[in-house]
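> Got a structure for you, questions after.
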Amino acid sequence: MSETTRKPVKFLQGEKVYLRPVEREDARLMYDSLSNEELIRMTGLQGFFTLAGTESYVDRISGDSSRADFIFCSQETDEPLGDVVLNNIDKTNRCSNMRVAMFNQEHYGKGYGSEAIRLLLDYGFGRLNLHRIELEVYAYNERAIRAYEKLGFKREGIRRDGWFFDHKYHDCISMGILENEYRELYKK
């Protein structure tokens, strides 16, 4: 089978999206998304990136057992829509941090990111045996906060003036979900 006709690995599947492992070829897509000002603002990226640096990053995360990185793609078209990650996986305390990013604003508000997070939570709680998954979101990202709350995350605290961007400080909201809360919502 040639490289162009290779079928994608659909590691975790939902109705709208599936998650597949990050591959070296994704470095270009990830690098190109870094020019999206909205993505930069919502995810808190700082500094600058090169294609070579992004390729090196993808190579580095591929062998890191303290994280699980996925690209989420459209079930309908196989188009990569974003990435979703469990990082800082702590097997002793059974907890992890998570993050999500959409590559293109045209896909916002269609439920792709929420479904990708749901698949990631199911993986974290159901396969990795995690007890807690947490995240941090900037207070001005109200759309994300609503989405996280709808998925079952609870606000746990505020790190006041925790992030400096665009000439001012912004609050960071800590949110988390526990395995029993997840199971009550989704595994009845």
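> When residues of the stretch 150-177 are filtered for being surrounded by fewer than 13 Cβ atoms within 10 Å (Cβ to Cβ) and more than 20 Å from the chain's Cα centre (by Cα), how many remain?
The qualifying residues number 9.
> Ok, one more. For the stretch 63-80, state whether one or more residues are among the aromatic types (Phe, Trp, Tyr), in a loop (DSSP other than H, G, I, E, B) and either within 20 Å of Lys16 (Cβ to Cβ) or touching a residue at least 24 places away in the same chain (Cβ under 8 Å) (or both).
no
> Further, regarding this structure: Looking at this structure, is Val100 touching a residue at least 24 places away in the same chain (Cβ under 8 Å), in a strand (DSSP E or B), in contact with a Phe, Trp or Tyr (Cβ under 9 Å, 6 or more places away or on another chain) and on the phi < 0 side of the Ramachandran plot?
It is false that Val100 is touching a residue at least 24 places away in the same chain (Cβ under 8 Å), in a strand (DSSP E or B), in contact with a Phe, Trp or Tyr (Cβ under 9 Å, 6 or more places away or on another chain) and on the phi < 0 side of the Ramachandran plot.
For (1) touching a helix residue (DSSP H, G or I) at 6+ places or on another chain (Cβ under 6 Å); (2) within 15 Å of Asn180 (Cα to Cα); (3) polar (S, T, N, Q), each residue gets a yes or a no:
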{"site": "Gly109", "(1), (2), (3)": "no, no, no"}
{"site": "Gly113", "(1), (2), (3)": "no, no, no"}
{"site": "Arg127", "(1), (2), (3)": "no, yes, no"}
{"site": "His131", "(1), (2), (3)": "yes, yes, no"}
{"site": "Arg143", "(1), (2), (3)": "no, no, no"}
{"site": "Arg155", "(1), (2), (3)": "no, no, no"}
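> Need the failing condition index for Asn97 against (1) in contact with a Leu (Cβ under 7 Å, 6 or more places away or on another chain); (2) at pLDDT below 95; (3) closer than 20 Å to Glu149 by Cβ; (4) not aliphatic (A, V, I, L, M), just the number.
Asn97 satisfies every listed condition except (2).
> Let me ask you something else. Kindly list, by first and then second residue, each pair from a residue in the stretch 6-32 that is under 17 Å from Met102 (Cβ atoms) to a residue that is among the β-branched types (Val, Ile, Thr) and part of a loop (DSSP other than H, G, I, E, B), limited to pairs with Cβ atoms under 8 Å and residues at least 6 apart or on different chains.
Sorted first by the residue in the stretch 6-32, then by its partner, the pairs are Arg20/Val9; Tyr31/Thr50.
> Take the stretch 70-114 and flag every residue that is of a type outside the set (A, V, I, L, M), crowded, with 20+ Cβ neighbours inside 10 Å, closer than 22 Å to Gly152 by Cβ and in contact with an Asp or Glu (Cβ under 8 Å, 6 or more places away or on another chain).
Selection gives Phe70, Phe72, Asp83, Ser96.
> Oh, and also: Any residue in the stretch 112-131 that is in contact with a Ser or Thr (Cβ under 7 Å, 6 or more places away or on another chain), modelled with pLDDT of 95 or more, closer than 26 Å to Val22 by Cβ and assigned to a strand (DSSP E or B)? Give the steps one after another, and end with the answer.
Applying the first criterion (in contact with a Ser or Thr (Cβ under 7 Å, 6 or more places away or on another chain)) to the stretch 112-131 yields 124, 130.
Pick out the ones that are also modelled with pLDDT of 95 or more and you get 124, 130.
Those left that are additionally closer than 26 Å to Val22 by Cβ: 124, 130.
Next, only the ones that are assigned to a strand (DSSP E or B) stay: none.
No: the stretch 112-131 contains no residue that is in contact with a Ser or Thr (Cβ under 7 Å, 6 or more places away or on another chain), modelled with pLDDT of 95 or more, closer than 26 Å to Val22 by Cβ and assigned to a strand (DSSP E or B).
> Enumerate the pairs (first residue in the stretch 130-143 and free of Cβ contacts under 8 Å to residues at least 12 places away in the same chain; second residue anywhere and among the polar types (S, T, N, Q) and part of a loop (DSSP other than H, G, I, E, B)) with beta-carbon separation below 6 Å, excluding pairs fewer than 6 apart on the same chain, so at least 6 apart or on different chains.
That search, which allows pairs on different chains as well, returns nothing.
The values are calculated or read from the model by the stated rules, or taken from the named source; none is laboratory data. Since the model is a prediction, treat every value here as computed from it, not as a measurement. Positions of Cβ are generated from backbone atoms using ideal geometry, with glycine treated the same way; all protein chains shown enter the neighbour counts.
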